[in-house]
1. Residues 11, 15, 46: which one is within 19 Å of the chain's Cα centre (by Cα), at pLDDT 85 or above and among the aliphatic types (A, V, I, L, M)?
2. Does residue 23 count as among the aliphatic types (A, V, I, L, M) and at pLDDT 90 or above?
Amino acid sequence: MFDWLVDIISAVGDAIGSLFGFLGSEISSAIWDTMLQWFYETIYGAVADFFTRMGNMGADLFGLSWIRADRKSVV
């Protein structure tokens, strides 16, 4: 007699369940994307900083007084 009511309640429950499933999937996807971007930027920044410091060490070497003095005497 009330089978139609059970069907309506079941349909509403399924719709709400799929909505929460969709929202959970989207939220977890957004969190995962943000986490991967943070990892990428952190690793990329560390590698870039490392090579920048390595390059500056070579450039700073030619700024030392004893290397400049030696170079001036040769030229």
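The values are calculated or read from the model by the stated rules, or taken from the named source; none is laboratory data. Being a predicted model, the structure only gives us computed values, none of them experimental.
1. That would be 46, the only listed residue that is within 19 Å of the chain's Cα centre (by Cα), at pLDDT 85 or above and among the aliphatic types (A, V, I, L, M).
2. Details: among the aliphatic types (A, V, I, L, M): yes; at pLDDT 90 or above: no.
Considered against the rule, which asks whether it is among the aliphatic types (A, V, I, L, M) and at pLDDT 90 or above, residue 23 comes out as no.
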